[in-house]
Amino acid sequence: MKVPKANTFAFPFTCRSETANTGYRVYGLDTWLTRKFLHAIGDPALRVVLWDGKEIAPPGSTPTVGMVIRNRATLWRLLTNPLLHFGDDYSAGRIEIEGGLVAFMETVYQAMAHTPRFRRIPDPAAYRRNQPKLNSISGSHQNIHHHYDIGNDFYRLWLDTGMLYTCAYFPDPSVSLEDAQIAKMDLVCRKLRLRKGQTVVEAGCGWGALARHMARHYGVNVRAYNISCEQIAYARQQARSEGLERQVEYIEDDYRNITGTYDAFVSVGMLEHVGPDHYRELGRVIDRSLMEHGLGLIHTIGQNMATPMSPWFLKRIFPGSYPPTLREMMELFEPQEFTVLDVENLRLHYAKTCEHWLERFERNRDRVREMFDECFVRAWRLYLSGCIANFSLGNLQLFQVVFSRPTNNLVPLTRSHLSVPTRQS
């Protein structure tokens with residue numbers, strides 16, 4: 001593997017590219033096993049091309065998507081653990097996809113949903129299954145470092161100019177990613193009913209765009225916490241360059257160490273990395289941080305039922321991550337007797353956000369390859385494509401939950417404030 005030019009990150013598995021076994025015969029057992037594999041994942045409408053060119057497809061059909069398996073060893077790995085080995089073998093070039101990766105994954109996911117082995121069923125222990133590392137303070141640092149500290153130059157290639165790595169909000173499907181991210185930040189600010197002079201604490205601030213947006217356009221003072229050293233360094237530099245260092249303070253620390261009391265608590269895109277074992281702990285942090293008449297907002301990827309994450313995704317992309325159900329999220333609110341005021345699902349907005357990210361990523365794939373290698377390019381293409389497929393099919397959701405204390409009667413009687421601009425400028 002090449003040493004990345006942009007930083008010291010190394011992708012955490014060896015990419016052993018393998019070409020087709022030209023001249024190696026496909027036996028009857030190979031085709032039989034391929035058909036058994038397809039049946040096990042629900043007989044999706046796809047064709048499989050084996051290493052000698054032999055094609056296997058559903059009788060009487062012409063599938064629009066297909067999978068090329070380069071050698072027998074790859075086929076065997078798919079048979080033993082497809083949820084792990086498909087990702088690794090695709091990343092290494094031992095599997096090629098025809099007809100578009102997103103369309104392929106949607107086809108497979110839809111078929112798998114009707115199989116006994118892969119059907120999604122509620123699992124009370126979902127969070128603990130296939131978790132390489134749980135989210136203690138030290139474990140969280142390692143998990144976040146794995147994904148976020150691989151170089152700001154990499155993320156700058158395909159995120160918007162504000163470096164927001166969370167779901168955008170598209171008031172119109174035609175708006176740019178930049179405008180959609182600004183619209184998302186305004187939506188969050190309106191839900192929190194921010195007013196000049198208020199104080200806000202943000203848990204998990206990414207590259208800091210929301211904190212600066214709240215300060216600049218709503219006149220609030222923000223303390224923003226994050227444990228990614230790369231992101232905090234970028235956020236501080238941006239605050240200085242924009243003249244906001246007196247209004248925004250970026251703190252490189254864990255959310256569990258938040259201090260002070262505030263008019264608003266906000267967390268956008270962090271809960272996925274907290275884990276249900278720590279929701280009550282986060283709830284206690286919010287309870288000690290939020291003033292009596294304060295408002296809070298949690299923005300998180302979620303799911304409709306508790307099911308484990310893909311082992312490949314946990315191992316290669318986002319260790320320690322877990323998207324909660326709304327029921328699981330109530331562990332944040334019920335023990336502290338917080339009142340849930342508003343719940344909105346932005347699932348299709350996230351599918352569209354990921355489409356923008358993937359398009360920009362593909363435009364810059366040569367640069368990404370120079371920073372890392374081809375294996376990394378293919379792994380992240382698979383990750384972004386899988387996100388589009390999962391949000392489009394409803395396997396993943398995007399929840400925004402607004403809450404307050406039960407004694408807070410200074411809350412709007414209608415939702416009209418969400419459509420009325422309240423910016424200072």
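A compact table of results
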{"read-out": "Computed accessible area, Val248, all protein chains, 1.4 angstrom probe, square angstrom", "value": "10 Å²"}
{"read-out": "Gained length - Thr64 relative to Ser241, 0.36 nm times residue gap less alpha-carbon distance", "value": "58.7 nm"}
{"read-out": "Point-to-point label distance, Glu178-Ala73, nm (Cα→Cβ direction, 7 Å offset)", "value": "4.7 nm"}
{"read-out": "Set of segment 48-73 residues, backbone N closer than 20 Å to the point 7 Å along the Cα-Cβ line of Ala113", "value": "64-66"}
{"read-out": "Sorted largest first, extent of the chain alpha carbons per principal axis (Å)", "value": "73, 44, 42"}
{"read-out": "Heavy atoms of His299 accessible to a 1.4 Å probe, total area in Å² rounded to 10", "value": "0 Å²"}
{"read-out": "Prolate/oblate/rounded call for segment 166-242, Cα gyration tensor, a/c under 1.5 rounded", "value": "oblate"}
{"read-out": "Cα gyration tensor shape of segment 31-78, rounded if a/c is under 1.5, else prolate or oblate by comparing a/b with b/c", "value": "oblate"}
{"read-out": "For segment 267-322: rounded, prolate or oblate by the Cα gyration tensor [a/c cutoff 1.5]", "value": "prolate"}
{"read-out": "Antiparallel bridge percentage (DSSP; both residues within the chain; nearest 5)", "value": "45 percent"}
{"read-out": "Charge context of Pro173, other residues only, Cβ under 12 angstrom, K/R +1, D/E -1", "value": "-2"}
{"read-out": "For Asp88, solvent-accessible area (1.4 Å; no DNA, RNA or ligand), Å²", "value": "20 Å²"}
{"read-out": "Heavy-atom accessible area ranking, 1.4 Å probe, most first, across Thr353, Thr62", "value": "Thr62, Thr353"}
{"read-out": "Net dipole in debye of the chain [+1 Lys, Arg Cβ; -1 Asp, Glu Cβ; about Cα centre; nearest 20]", "value": "400 debye"}
{"read-out": "Virtual spin-label span in nm between Glu334 and Leu83, 7 Å along Cα→Cβ", "value": "2.6 nm"}
{"read-out": "Ranked by how many other beta carbons lie within 10 Å on average, peptides 167-173, 117-123 from highest", "value": "167-173, 117-123"}
{"read-out": "Listed peptides 403-414, 175-186, 284-295 by packing density, highest first (mean Cβ within 10 Å)", "value": "175-186, 284-295, 403-414"}
{"read-out": "Ellipticity estimate at 222 nm from DSSP helix runs (n ≥ 4, -39,500 (n - 2.57)) divided over the chain, nearest 500", "value": "-12000 deg cm²/dmol"}
{"read-out": "Most to least packed among 373-386, 203-216 [average Cβ atoms within 10 Å]", "value": "203-216, 373-386"}
{"read-out": "Cα-projected label distance for Glu292 with Asp123, points at 7 Å along beta-carbon direction, nm", "value": "4.6 nm"}
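The values are calculated or read from the model by the stated rules, or taken from the named source; none is laboratory data. Worth saying up front: this structure is predicted, and the values here are computed from it rather than measured. Glycine gets a Cβ as well: all are built from the backbone with ideal geometry, and neighbour counts include every protein chain shown. Remember, those area values only see protein heavy atoms, side chains included, never the ligands or the DNA or RNA. Shrake-Rupley method; radii C 1.70, N 1.55, O 1.52, S 1.80 Å.
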